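> Once you've had a glance at the structure underneath, I'll fire off some questions.
The values are calculated or read from the model by the stated rules, or taken from the named source; none is laboratory data. Nothing here was measured: the structure is a model prediction, and the numbers come from that model. Cβ placement follows ideal geometry from the backbone for every residue including glycine, while neighbour counts extend to all protein chains displayed.
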Amino acid sequence: MRPPKLSLSSVYEDLRNDFRAGKDTRFTSRLTGVSSSGSGADYHYRSETQWLHMLERARHYQRNDPIMGQAIRRLTANVVQDGFTLDVDTGDTGLDQELKARFNSWAEDPDQCHSEGEFNWYQIEQLALSTAITDGDLFTLPLRSGELQLVEAHRCRTPRNTRKNVVHGVLLDSRSRRTEYWITKEDIDPNRALSKVSDIVQYPSRDGNTGERLVNHLYMPSRFSQRRGISAIAPISDTVGMHDDIQFATLVKLQMSSLIALFHERGADWQPLGDQQKGDRSTEVDGGYTRTIEGVSAGLEIFGDRDEKLSAFSPQIPSPQFHPHAMLILTFIAVNLDLPVAVLLLDPSNTNFSGWRGAIDQARMRFKQIQQWLANSLHRRTYRWKVRQFSEMDPVIATVGSKNGVDLFGHRWGCPTFAYIEPLKDAQSDLLQLENNLTSPRRLQQARGRDFEEVLAETIEDNSLTIEMAMSAAKDLGGDITWRDILNPRSNQSVSQSEEDTTPPALPQQRQSFNGNGSV
């Protein structure tokens, strides 16, 4: 019989046009713990015990691993640097100055800023980011007394006897909006199972009247359906553990090899030649036994017995493959934390200047994203809370803030900027942008992490003081000496290119408003 004729559609069905990632093969591991119809992000850490275990393992690596703690500190230092700068812009100059002064006074005093009176605002900035990287998330509770209470991730938990839609301490409504955060009391043992709702305090997510946040949840989600944060160490948990094991095993091998000095290879005719002193000899009594100690000295010769071959033991530890493999593992760790491996190790010796500059430029793109996230999640929400408190305590602020054209909460946070990689070229680039109207002085100062009004006020103040002191000194000296002579004695000396060119150099534009006798 002839085989049945295949239709064109059946031929196409046999072609491999599907996604291989959707099938289990010998190259792809079978997925467990997920639904074939799709799973939300919260489903993957549905077991609170495993989620807490993952959290504590990340903290363990941050505490004890020789790389992870330093790597997180390095990332935090690059993002936070000297801190974020506040630029208040309500539309009223007097109100701007008042709100900025009050917030800075609060931020600089740990007793006003932190519920425990230990950290000022700058220290909270650093610890908040470091904790969010390690733990996955962090909570700040604004208190009526004016301080911030910091709550770590392990205290937001779900009691076992509740039937509500709670994801590890986050109560959700029918639209998956966060309505409450359930925080355990301070005296709850973290090792004890949380079985009672009475062991937690329920904090509303927002104010029912104003809609402002009453709990600030800091986390970096990777999916829209994610309600709790995940540690940045989670994807490299195995990698970090293997790196630690490899380092430990190499150190043990090196230590063991140092205990062996010589190998004795004895033939069939080997005969001992009796006692041979190989160096300075001494004896000591230990526990009733006498033992002989052979000393060593420079140029020491050791002779073997008859038909005995002596060979020194000097294994190559670590092996030639150790350093490339260790560097590969460190690269995985660095990339996961958005750090160039040269920054992680504080060692750019494995690349040239162009490689270093390219890696830094790429890393700074991610640093800026983290800065924006931190400014929006922590700084902006905290500032709005403090402004509400300021207006409640001072009716004048509330009155001025309610005027037309005034935005009581108007402000911007200037993110820290990064030092020039090539200072001369980068400074010339800034000057070129200003001269060609490609940016404004205000935008340029903000891009460099500085407040334009502060820089301008300080510049005018410094220049005024300089001129004032120079004018006073010129007056004391008398004669034809002016304040310009005091500041620059050579300003009146022309440098001619030829005998005919004796025209003195023109004064800078900003000095044209002053006359030669030192008066304004």
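> Quick one: Ser195 ticks every box in (1) in contact with a Phe, Trp or Tyr (Cβ under 7 Å, 6 or more places away or on another chain); (2) modelled with pLDDT under 95 bar one, so which box is it?
In the conditions (1) in contact with a Phe, Trp or Tyr (Cβ under 7 Å, 6 or more places away or on another chain); (2) modelled with pLDDT under 95, Ser195 misses (1) alone.
> Kindly check whether there is at least one residue in the stretch 444-464 that is surrounded by 14 or more Cβ atoms within 10 Å (Cβ to Cβ), in contact with a helix residue (DSSP H, G or I) (Cβ under 9 Å, 6 or more places away or on another chain) and modelled with pLDDT of 90 or more.
Checking the stretch 444-464: not a single residue is surrounded by 14 or more Cβ atoms within 10 Å (Cβ to Cβ), in contact with a helix residue (DSSP H, G or I) (Cβ under 9 Å, 6 or more places away or on another chain) and modelled with pLDDT of 90 or more.
> Just give me the residues in the stretch 104-123 being in contact with a Leu (Cβ under 7 Å, 6 or more places away or on another chain) and among the aliphatic types (A, V, I, L, M), in sequence order.
none
> In addition: From the set of residues in the stretch 107-150 that are buried (at least 16 other Cβ atoms within 10 Å of the Cβ) and among the acidic types (Asp, Glu), which is farthest from Trp182 (Cα to Cα)?
Glu125
> In addition: So how many residues does the stretch 333-348 have that are over 15 Å from the mean Cα position of the chain (by Cα) and surrounded by fewer than 16 Cβ atoms within 10 Å (Cβ to Cβ)?
Counting residues in the stretch 333-348 that are over 15 Å from the mean Cα position of the chain (by Cα) and surrounded by fewer than 16 Cβ atoms within 10 Å (Cβ to Cβ) gives 1.
> Quick check: anything in the stretch 29-48 of a type in the set (Val, Ile, Thr) and loosely packed, with under 12 Cβ neighbours inside 10 Å?
Residues of the stretch 29-48 that are of a type in the set (Val, Ile, Thr), as a first pass: 32, 34.
Next cut, loosely packed, with under 12 Cβ neighbours inside 10 Å only: 32, 34.
Scanning the stretch 29-48, I find at least one residue that is of a type in the set (Val, Ile, Thr) and loosely packed, with under 12 Cβ neighbours inside 10 Å, so the answer is yes.
> State the number of residues belonging to the stretch 394-432 that are over 26 Å from the mean Cα position of the chain (by Cα) and within 20 Å of Arg357 (Cβ to Cβ). Walk me through how you get there before you give the answer.
Residues of the stretch 394-432 that are over 26 Å from the mean Cα position of the chain (by Cα), as a first pass: 394-410, 424-425, 427-432.
Now narrow it down to the ones that are within 20 Å of Arg357 (Cβ to Cβ): 424-425, 427-430, 432.
The total comes to 7.
> Follow-up. Take Asp244 and tell me if it is over 27 Å from Gly40 (Cβ atoms), surrounded by 11 or more Cβ atoms within 10 Å (Cβ to Cβ) and under 24 Å from the mean Cα position of the chain (by Cα).
Values: over 27 Å from Gly40 (Cβ atoms): yes; surrounded by 11 or more Cβ atoms within 10 Å (Cβ to Cβ): yes; under 24 Å from the mean Cα position of the chain (by Cα): yes.
In short, yes.
> Mind checking which strands (runs of 3 or more DSSP E) fall wholly inside the stretch 269-360 and carry at least 3 residues that are at pLDDT below 80, touching a Ser or Thr at 6+ places or on another chain (Cβ under 6 Å) and on the phi < 0 side of the Ramachandran plot?
Working: elements: 281-286, 289-294, 306-312.
Strands (runs of 3 or more DSSP E) meeting the threshold: 289-294.
> Provide a single number: the residues in the stretch 343-397 that are of a type in the set (Phe, Trp, Tyr) and touching a Pro at 6+ places or on another chain (Cβ under 7 Å). Walk me through it before giving the result.
Start the filter on the stretch 343-397 by keeping residues that are of a type in the set (Phe, Trp, Tyr), which leaves 353, 356, 367, 373, 383, 385, 390.
From what's left, touching a Pro at 6+ places or on another chain (Cβ under 7 Å): 356, 385.
The total comes to 2.
> Separate question: Taking only pairs six or more apart or across chains, which ones have beta-carbon atoms under 7 Å, a first residue in the stretch 94-112 that is among the aromatic types (Phe, Trp, Tyr), and a second residue that is surrounded by 16 or more Cβ atoms within 10 Å (Cβ to Cβ)?
Short answer, once both residue conditions are applied: Phe103/Leu86; Phe103/Tyr383; Phe103/Lys386; Trp106/Gln112; Trp106/Cys113; Trp106/Lys386.
> Right, here's the next one. What number goes with the only condition from (1) farther than 25 Å from His60 by Cβ; (2) in contact with a Ser or Thr (Cβ under 9 Å, 6 or more places away or on another chain) that Tyr122 does not pass?
Just one mismatch for Tyr122, condition (2).
> For the stretch 378-478, please list each of the helices (runs of 4 or more DSSP H) lying entirely inside it that holds at least 2 residues being of a type in the set (Phe, Trp, Tyr).
On the way: elements: 380-393, 395-401, 423-435, 441-447, 452-477.
Fully inside the stretch 378-478 and qualifying: 380-393.
> Between Arg227, Arg223, Arg175, which is touching a Leu at 6+ places or on another chain (Cβ under 8 Å) and part of a loop (DSSP other than H, G, I, E, B)? Spell out how you get there, then give the answer.
Numbers: Arg223 fails: touching a Leu at 6+ places or on another chain (Cβ under 8 Å); Arg175 fails: touching a Leu at 6+ places or on another chain (Cβ under 8 Å).
So the residue among Arg227, Arg223, Arg175 that is touching a Leu at 6+ places or on another chain (Cβ under 8 Å) and part of a loop (DSSP other than H, G, I, E, B) is Arg227.
> Pairs only if they're at least six apart or on different chains, beta carbon under 7 angstrom, first in the stretch 445-466 and within 15 Å of Gly83 (Cα to Cα) and in contact (Cβ under 8 Å) with a residue 60 or more places away in the chain, second crowded, with 16+ Cβ neighbours inside 10 Å and basic (Lys, Arg); list them, first residue then second.
none
> Check the stretch 175-191 and report whether any residue there is among the small types (Gly, Ala, Ser), over 21 Å from Leu127 (Cβ atoms) and free of Cβ contacts under 8 Å to residues at least 24 places away in the same chain. Break it down into steps so the answer makes sense when it comes.
As a first pass, look at the stretch 175-191 and keep what is among the small types (Gly, Ala, Ser): 176.
From the residues that got through so far, the ones that are over 21 Å from Leu127 (Cβ atoms) too are 176.
Then drop every residue that is not free of Cβ contacts under 8 Å to residues at least 24 places away in the same chain, which leaves none.
The answer is no; no qualifying residue exists.
> Would a scan of the stretch 64-83 turn up a residue that is surrounded by fewer than 19 Cβ atoms within 10 Å (Cβ to Cβ) and touching a strand residue (DSSP E or B) at 6+ places or on another chain (Cβ under 6 Å)?
no
> In this structure, is Lys100 among the basic types (Lys, Arg) and at pLDDT below 90? Steps first, please.
On the way: among the basic types (Lys, Arg): yes; at pLDDT below 90: no.
No.
> Could you look through the stretch 178-192, keep only residues that are in contact with a strand residue (DSSP E or B) (Cβ under 7 Å, 6 or more places away or on another chain) and surrounded by 12 or more Cβ atoms within 10 Å (Cβ to Cβ), and pick out the one that is modelled with the lowest pLDDT? Break it down stepwise before answering.
Taking the stretch 178-192 first, the residues in contact with a strand residue (DSSP E or B) (Cβ under 7 Å, 6 or more places away or on another chain) are 178-185.
Keeping just the survivors that are surrounded by 12 or more Cβ atoms within 10 Å (Cβ to Cβ) gives 178-184.
Values: Arg178: 93, Thr179: 94, Glu180: 94, Tyr181: 95, Trp182: 94, Ile183: 93, Thr184: 90.
Going through the qualifying residues, I end up with Thr184.
> While we're on this one: Within the stretch 50-59, can one find any residue that is farther than 19 Å from Asp137 by Cβ and at pLDDT below 95? Lay out the reasoning, then the answer.
Here is the first cut: in the stretch 50-59, the residues farther than 19 Å from Asp137 by Cβ are none.
Checked against the condition, which is being farther than 19 Å from Asp137 by Cβ and at pLDDT below 95, the stretch 50-59 yields no hits at all.
> Name the residues in the stretch 425-437 that are at pLDDT 85 or above and surrounded by fewer than 12 Cβ atoms within 10 Å (Cβ to Cβ), would you? Outline the logic, then answer.
Let us first name the residues in the stretch 425-437 that are at pLDDT 85 or above, namely 427-437.
Listed by number, the residues that qualify are Ala427, Gln428, Leu431, Leu432, Glu435, Asn436, Asn437.
> All but one of (1) over 19 Å from the mean Cα position of the chain (by Cα); (2) farther than 21 Å from Thr210 by Cβ; (3) in a helix (DSSP H, G or I) hold for Ala363; which doesn't?
(1)
> Moving to a separate point now. In this structure, is Gln389 out of contact with any Leu (no Cβ under 7 Å at 6 or more places or on another chain), within 30 Å of Ala447 (Cβ to Cβ) and either of a type in the set (Gly, Ala, Ser) or in contact (Cβ under 8 Å) with a residue 60 or more places away in the chain (or both)?
Numbers: out of contact with any Leu (no Cβ under 7 Å at 6 or more places or on another chain): yes; within 30 Å of Ala447 (Cβ to Cβ): no; either of a type in the set (Gly, Ala, Ser) or in contact (Cβ under 8 Å) with a residue 60 or more places away in the chain (or both): yes.
So Gln389 does not fit the description; no.
> How many of the residues in the stretch 382-440 are under 26 Å from Phe367 (Cβ atoms) and among the aliphatic types (A, V, I, L, M)? Lay out the reasoning, then the answer.
Looking only at the stretch 382-440, we keep the residues that are under 26 Å from Phe367 (Cβ atoms), and these are 382-384, 411-434, 438-440.
Of the ones still in play, those that are also among the aliphatic types (A, V, I, L, M) are 419, 421, 424, 427, 431-432, 434, 438.
Residues that pass the stated criteria total 8.
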